[in-house]
Structure formats: C-alpha cells, structure tokens
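These notes are about the structure you will find just below.
Laboratory data are not the source of any read-out in this text; all were calculated from the coordinates shown. Computed from a prediction, not measured in an experiment: that's the story for all the values here. We place every Cβ from the backbone using ideal geometry, glycine too, and count neighbours over all the protein chains shown.
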Amino acid sequence: MGYIDNTNKEIYEIRNVRFKKYISKEIINQEVQKIANRINNDYAGQKVLFIVVLKGSIFFASDLLRKIELDCEIETVRASSYGDEMINSKLRLSIENINMFNKNIIIVEDIVDTGNTLSELVKRIQSEKPKSVEIVTFLSKPEKREKPLDIKYVGIEIAPYFVIGYGLDYAEQGRNLPDIYILDEERQ
Ligand code: 5GP
C-alpha cells in the first residue's frame, strides 16, 4: 500500500507511528462477557465495589459493568503518568474519599504491563482495610512484569508490545478506537 488510509481501520497512524489491528471488537466483546460471567458467579449474593482506574479503563469498565448482575458501587481513581510516550513513567494516584472499609473490592484496569501501577494501588487500597481486593484487567503483558501481582481476572494475555484503542492511547490519541491495535514494527 503506497499510502495510509485511516478510514481503512486495518492500519491506524498517529504522529507518523503506524499501528495495525490486533484484537477485533467482536473478540473484545466475547472476552468481556466471559469475565463478567466469572465475576457474577464468584460474587453471587455479595456486594462489590468496583474501582475503575482512569482513563484507559473507561471503555472496558463501561462494557464490563453493564454485564455485572450484582449489587455494586462504582468509584474511579486516576493513575496518570507524567509523559505521553510509549514508556511508563512516574505515577500519580488519587484515591481520596472512597470508603473501602470491609468491602469486596475489584480494581478494573485496562492493561497490566510492569505491574507497578497496580502494586502501588493495591497497597494503598489494602491500607483502607477492605474485606477483599481482586484485580480485573482486560489485557496483560506477563513478559513485562516487574512486580509480582495476583490478578484474578485477565481477558487476554498479549505480546510485550505497545497497544492502543479500546481506551488505550498514544499521546492521548486512539482511545476511541473500538478495536485494539499494536505497534506495526515492520512498517516503521
Ligand atoms: P504498568 O504500571 O503495569 O507498567 O502500566 C500500567 C499502565 O501503563 C496502564 O494502565 C496504561 O495506562 C499504561 N500502559 C501499559 N502498557 C500500555 C500499552 O501497551 N499501551 C498503552 N496505551 N498504555 C499502556
């Protein structure tokens, strides 16, 4: 192909960086349903507080939580990095004003890479004395893990490459793509 066509959603380009389609919205939907079924089953008859990690998880959380049939509360926390490049940089966490005492908590993440964000967040949440804390993430890159993390619910394990779409951005772009795209290294 001698040109880039962002309307042909197989290839998507942001700032001269090319991404290719990796996980379709149909597969995403199937996997979200499977996770919801497991959570509905595991927590049947119990209440759950879902803590959604902004911003990347908004689409996953929105899809997942509409499939949850439990009594639940929803809160959000912000975990933002300082840069907009394809590396994980320093972290800001904001979890003020959430009552977690004696509650079943499920943290909702878009993607777990090194695990640094979540291990920090789990520590902060555990200090609030909840009844239980589990993690659900749509994507996981196990090969990149730096901190050991016990993740109960994983949608799809992926290769250790940078992805965008379905809430995930590159330089704040690409979050709204309904499919997930991966860095197209062959075409750089
Ligand atoms: P971790 O702390 O596990 O290394 O990284 C978690 C956060 O880094 C995610 O919530 C996400 O914001 C960002 N991140 C990690 N991998 C990727 C990726 O492949 N693409 C995008 N867009 N963000 C990522």
In degrees rounded to 10, the 0-90 angle between helix 25-42 Cα long axis and the longest Cα principal axis of the chain is 10 degrees
For Lys34, the aspartates and glutamates lying under 15 Å Cα to Cα, once residues fewer than eight places off in the same chain are dropped, come out as Glu26, Asp42, Asp63, Glu69, Glu157
The ³J(HN,Hα) series, computed from each phi in segment 58-73 with the Karplus coefficients 6.51, -1.76 and 1.60 at θ = phi - 60°, rounded to the nearest Hz and given as x for glycine or proline, is 4, 6, 4, 4, 4, 5, 5, 5, 6, 9, 8, 10, 9, 5, 9, 10
The simple spin-label model distance between Arg124 and Asn176, using points 7 Å out along Cα→Cβ, in nm, is 2.9 nm
The chain, Gaussian network, Cα under 10 Å: of Phe50, Phe101, Phe59, the residue fluctuating most is Phe101
For segment 135-143, Karplus-derived ³J(HN,Hα) couplings (6.51, -1.76, 1.60; θ = phi - 60°; whole Hz; x for glycine and proline) come out as 10, 10, 10, 6, 10, 9, 10, x, 5
Residues whose modelled amide H sits under 5 Å from the amide H of Lys147, counting only those 5 or more places away in sequence or on another chain, are Asn116
Measuring from the longest principal axis of the C-alpha atoms of the chain, the long axis of helix 116-126 (C-alpha) lies at a number of degrees, nearest 10, equal to 10 degrees
What one gets for segment 134-188 as the Kirkwood radius, inverse of mean 1/r over different Cα pairs in Å, is 12.5 Å
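What stretch of the chain, leaving out the sites themselves, is the longest with no trypsin sites (Lys or Arg not before Pro) in a DSSP loop having at most 11 other Cβ atoms within 10 Å?
The longest uninterrupted stretch comes out as 91-188.
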Given all pairs of distinct Cα atoms, the chain yields a Kirkwood Rh in Å of 17.2 Å
Taking GluC sites (Glu not before Pro) as exposed when in a DSSP loop with at most 15 other Cβ atoms inside 10 Å, the chain has its longest clean stretch at 11-68
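Relative contact order for the chain using alpha-carbon pairs under 8 Å, separation at least 6, rounded to a whole percent?
24 percent
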Between Ser132 and residues 5 or more places away or on another chain, the pairs with built amide H atoms under 5 Å apart involve Lys103, Asn104, Ile105
